[in-house]
Amino acid sequence: MRKHILIVGGGYVGMYAAMGLRKLVRSGEATVTVVDPRGYMTYMPFLAEAVGGSIEPRHVAAPLGQVLKGMRVLTGRVTRVDHEARSADFQPVQGPARTIEYDILVMAAGSITRALPIPGLAEHAVGFKSIGEAVHLRNRVLANLAAAASTDDEQVRRRALTFVVVGGGFSGVEALAEMQGLADEAVRYHEGIEPADLSWTLVEANDHILPELHADLGRWTVDALRKRAVDVRLGTRLASLAGGVTVLSDGTEIDAGTVVWAAGGRPSPLAAASGLPVDRIGRLLATEYLTVAGVEDAFTAGDGAAVPDLTRPGEFTAPNAQHAVRQAKLLGRNLVAYVRGRRLKPYRHAYLGSVAGLGHHQGVAQVYRIKLTGLLGWLAHRAYHLGWVPTARHKAAVLADWLLAGLFRRETVRLEAIEHADEDFRQALAAEQANEPARPAAAHEQPVHDAPAPGEAVHDAQAAGEAGPGARQAPAA
């Protein structure tokens with residue numbers, strides 16, 4: 001009997017696992033449904049370069065419908081899973097919710113931004129986990145430079161040129177480095193602003209940054225950032241953002257125009273809400289075969305799963321792209337074996353090391369015991385991640401972006417208007433209505449107080465009822 005495989009999440013694990021199921025789809029042994037809120041896979045390691053302008057944002061996203069031909073891709077969210085009934089509640093981006101029946105479940109919902117109860121965090125900070133947030137950050141850096149160059153108010157200027165990044169992991173360090181690189185290039189187009197006028201602060205709660213790298217590389221990165229006038233605060237936490245003022249745990253107050261929250265993530269709460277077995281931090285309990293522990297017909301991998309690390313007994317694999325992609329590829333093969341009644345293979349992968357880009361043609365890399373810094377680290381970072389970019393088309397697009405960025409100066413146009421694309425239209429309508437003079441009714445027009453023609457009142461009442469109280473109104477003058 002043909003199996004229906006439901007994959008919840010279209011990130012690294014969801015997309016690569018689905019790609020591994022092509023032979024089942026082609027042979028008619030299974031149908032595959034992938035559910036994802038955005039409908040595309042984001043190559044997270046290149047988000048920072050999208051902020052800096054080295055890579056076009058759309059080139060770090062792989063449309064699932066284009067990549068997973070022959071499979072059903074649904075855009076929306078799975079809100080709950082009832083695995084005993086083999087069903088999932090699905091809420092599409094538009095329209096009513098419905099139930100999806102399945103035979104085999106793959107939980108690949110990944111992680112979400114880790115939020116802490118810090119006053120003002122939701123109102124004044126910017127996240128860094130999606131393409132939309134990367135585009136917003138790029139626009140914000142460029143817009144703040146323009147604002148600083150256009151004001152005579154010293155306080156407004158100083159606030160616009162002050163940036164704080166919270167989180168010393170890969171995301172936070174790379175985001176700050178690329179933002180600074182973008183700003184250093186863009187100030188040449190704003191008279192009266194120099195790179196030294198900008199203030200950059202990196203806040204990290206631990207006593208080191210880039211914890212997945214060797215401590216020597218973390219210290220080298222701190223020194224490199226400080227040489228670029230970045231104030232690196234180790235052993236420091238964000239205490240408050242109330243009123244838009246950044247208050248750190250050491251008592252320092254910073255009036256920053258941009259605060260980036262890159263303090264890590266936490267597992268998607270979907271697994272726990274669905275009654276599946278999770279550990280104390282919410283990760284799905286997995287076996288070395290990437291099955292959900294103690295649950296039939298259920299598989300998992302990636303950031304949201306506690307996968308045993310067979311190379312380090314008693315520990316779990318780190319939540320990074322290196323493991324997620326490799327787990328996903330094995331997951332695809334194990335699913336094929338599972339459907340065909342064959343033996344599953346365990347996941348075993350020794351840690352190869354990690355790489356990080358620091359902008360300004362600098363980077364750090366650790367490959368086994370080899371440590372690279374500066375230009376060599378930057379080249380290793382690009383070479384490593386280019387190899388993992390999905391599809392040949394995206395690899396070619398990224399290479400073309402890098403070539404153009406190497407031959408010409410960075411593009412510094414800001415497109416913040418796309419974040420509120422209808423604002424100009426609404427303002428134009430409002431201005432038109434405000435300036436339109438009252439005109440006398442023409443002879444053929446019926447005054448509003450006249451009695452309606454027969455049947456007209458019923459028609460108007462029905463129209464009003466169909467529109468409902470939430471009907472969209474033209475903006476008031």
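Restricting region 161-189 to residues that are out of contact with any Ser or Thr (no Cβ under 8 Å at 6 or more places or on another chain) and of a type in the set (S, T, N, Q) leaves a set whose member that is nearest to Glu204 (Cα to Cα) is Ser171.
Specify which of the listed residues (Val367, Val389) is open to solvent by less than 70 Å² (accessible area, probe 1.4 Å), of a type in the set (Val, Ile, Thr), without any contact (Cβ under 8 Å) to a residue 40 or more places away in the chain and in contact with a helix residue (DSSP H, G or I) (Cβ under 9 Å, 6 or more places away or on another chain).
Val367
Could you tell me whether any residue of region 294-309 is closer than 30 Å to Leu225 by Cα and under 25 Å from the mean Cα position of the chain (by Cα)? Scanning region 294-309 turns up at least one residue that is closer than 30 Å to Leu225 by Cα and under 25 Å from the mean Cα position of the chain (by Cα).
Take the residues of region 113-152 that are among the polar types (S, T, N, Q) and touching a residue at least 60 places away in the same chain (Cβ under 8 Å): which is nearest to Trp261 (Cα to Cα)?
Taking region 113-152 and keeping what is among the polar types (S, T, N, Q), we get 113, 130, 139, 144, 150-151.
Within this subset, residues satisfying the condition of being touching a residue at least 60 places away in the same chain (Cβ under 8 Å) are 113, 130, 139, 144.
Numbers: Thr113: 9, Ser130: 12, Asn139: 17, Asn144: 18 Å.
Only one residue tops the list, namely Thr113.
So is Tyr43 out of contact with any Lys or Arg (no Cβ under 6 Å at 6 or more places or on another chain), hydroxyl-bearing (Ser, Thr, Tyr) and open to solvent by less than 20 Å² (accessible area, probe 1.4 Å) or not? Yes: the conditions hold for Tyr43. The C-beta contact set for region 276-295 (first residue closer than 21 Å to Ile112 by Cβ, second residue of a type in the set (Asp, Glu) and assigned to a loop (DSSP other than H, G, I, E, B), distance under 8 angstrom, 6+ apart or interchain) comprises Leu285/Asp279. With respect to (1) surrounded by 18 or more Cβ atoms within 10 Å (Cβ to Cβ); (2) within 20 Å of the chain's Cα centre (by Cα); (3) outside any helix (DSSP H, G or I), the lone exception for Ala256 is condition (2).
Of all the residues in region 317-356, those that are in contact with a helix residue (DSSP H, G or I) (Cβ under 7 Å, 6 or more places away or on another chain), open to solvent by 20 Å² or more (accessible area, probe 1.4 Å) and within 14 Å of Glu29 (Cα to Cα) number 1. Residues satisfying the criterion are present in region 262-277 (criterion: within 30 Å of Val156 (Cβ to Cβ) and either hydroxyl-bearing (Ser, Thr, Tyr) or buried (at least 20 other Cβ atoms within 10 Å of the Cβ) (or both)). Reported count of residues in region 87-128, each being in contact with a Phe, Trp or Tyr (Cβ under 6 Å, 6 or more places away or on another chain), assigned to a strand (DSSP E or B) and more than 30 Å from Met1 (Cβ to Cβ), is 1.
Of the helices (runs of 4 or more DSSP H) that lie entirely inside region 8-64, those containing 1 or more residues that are more than 16 Å from the chain's Cα centre (by Cα) and closer than 27 Å to Glu133 by Cα span 12-19. Condition check: over 22 Å from Ala160 (Cα atoms), part of a helix (DSSP H, G or I), open to solvent by 50 Å² or more (accessible area, probe 1.4 Å) and not hydroxyl-bearing (Ser, Thr, Tyr). Does Asp223 satisfy that? For Asp223, the condition - over 22 Å from Ala160 (Cα atoms), part of a helix (DSSP H, G or I), open to solvent by 50 Å² or more (accessible area, probe 1.4 Å) and not hydroxyl-bearing (Ser, Thr, Tyr) - is met.
For (1) in a helix (DSSP H, G or I); (2) of a type in the set (Gly, Ala, Ser); (3) within 25 Å of Met41 (Cβ to Cβ), each residue gets a yes or a no:
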| position | (1), (2), (3) |
| --- | --- |
| Asn334 | yes, no, yes |
| Lys345 | no, no, yes |
| Leu399 | yes, no, yes |
| Leu404 | yes, no, yes |
| Phe425 | yes, no, no |
| Ala431 | yes, yes, no |
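Scanning region 129-177 for residues that are open to solvent by 20 Å² or more (accessible area, probe 1.4 Å) and outside any helix (DSSP H, G or I) yields Lys129, Ser150, Thr151, Asp152, Asp153, Gly169.
Scan region 1-40 for residues that are surrounded by 24 or more Cβ atoms within 10 Å (Cβ to Cβ), hydroxyl-bearing (Ser, Thr, Tyr) and free of Cβ contacts under 8 Å to residues at least 60 places away in the same chain and the total you get is 0.
The values are calculated or read from the model by the stated rules, or taken from the named source; none is laboratory data. Values in this document were obtained by computation on a predicted structure and should not be read as measured data. Here the Cβ is made from the backbone with ideal geometry for all residues, glycine too, and neighbour counts use every protein chain on show. Heads up: the accessible areas ignore ligands, DNA and RNA and are worked out on the full protein's heavy atoms, side chains in. Shrake-Rupley method; radii C 1.70, N 1.55, O 1.52, S 1.80 Å.
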